[in-house]
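Asks: Take this structure first; my questions come after.
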Amino acid sequence: MQLSLYKKIFSKYFNNPIVEKQIGDAVAVVKNSKRIFFIGNGGSNAICSHMMEDYAKIAGYPTFAFSDAALITCYANDYGYENAMKEWLKIHFGNGDLLVAISSSGNSKNITNAVDEAKLRDGEVITLSGFKDTNKLITKGKVNFHIPIENFGVVECYHQVILHIILDSLK
């Protein structure tokens, strides 16, 4: 039964002292940030839109998400999908900003390219990935959350729960 899978995975990871430390570290990074940018693809992009709203409304941060269809297609058409988010960050992202990069596989080229750009611009990065522990995103942030299971539902839920825990810790 799928419920037992979720219960097993969530219990294991949320009872891990490493995850608890990462949450504390992430809260500190958020508190020291001027603005927060969220990026992701598909279901992860939906999480970005949700978190953009909540971090602004509940915690009072200026927040942005690369989630508008016209914006995505404009940048993808002009720069290629793998560079669309990176090019958007070139205009808006700067020192003191935070990029929250979400990718279930951790291997999306558009996400890793954007993370690299944010780091070039002296911003901070928090990553959330899943699947294999050899993914390209897993070591790119100041704080890197990872759940090693190849199940989109579990990974996406884990990412959203982590971001809500961080948000709740800011209140």
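Asks: Please compute the Kirkwood hydrodynamic radius of the chain from all pairs of different C-alpha atoms, in Å with one decimal.
Replies: This gives a value of 16.0 Å.
Asks: Which whole-number percent gives the relative contact order of segment 1-102, counting Cα pairs below 8 Å spaced six or more residues apart?
Replies: About 32 percent, as a whole number.
Asks: Can you tell which of A70, N15, I149 lies farthest toward the positive end of the dipole of the chain, using +1 and -1 charges on the Cβ of basic and acidic side chains (Lys, Arg; Asp, Glu)?
Replies: With unit charges placed on the Cβ atoms, the residue in question is N15.
Asks: Just need the relative contact order of the chain here, percent rounded to a whole number, with Cα pairs under 8 Å and 6+ apart.
Replies: Averaging sequence separation for qualifying contacts and normalising by length gives 22 percent for the chain.
Asks: At a Förster radius of 30 Å, what calculated FRET efficiency corresponds to the Cβ-Cβ distance of C74 and T139, to the nearest 0.05?
Replies: That gives a FRET efficiency of 0.45.
Asks: Separate question: Taking the Cα-to-Cβ direction at I91 and at L3 and moving 7 Å from each Cα, how far apart do the two end points lie in nm?
Replies: Placing both labels 7 Å beyond Cα along the Cβ direction yields 4.8 nm.
Asks: How much mean residue ellipticity at 222 nm does the chain get from its helices, if each DSSP H run of length 4 or more adds -39500 (n - 2.57) and you divide by all residues, to the nearest 500 deg cm²/dmol?
Replies: -18500 deg cm²/dmol
Asks: Can you flag which of K12/K57; K34/K142; K21/K171; K21/K109; K90/K140; K12/K132 are past 20 Å Cα-Cα?
Replies: Long pairs (Cα-Cα over 20 Å): K12/K57; K21/K109.
Asks: How would you order 38-47, 4-13 from highest to lowest mean count of nearby Cβ atoms within 10 Å?
Replies: So the order, starting with the most tightly packed, is 38-47, 4-13.
Quick note: the coordinates plus some simple rules give every number you see, no bench work behind them. Computed from a predicted model, the values in this text were never measured in an experiment. FYI the Cβ positions are ideal-geometry reconstructions off the backbone, even for glycines, and counts take in every protein chain you see.
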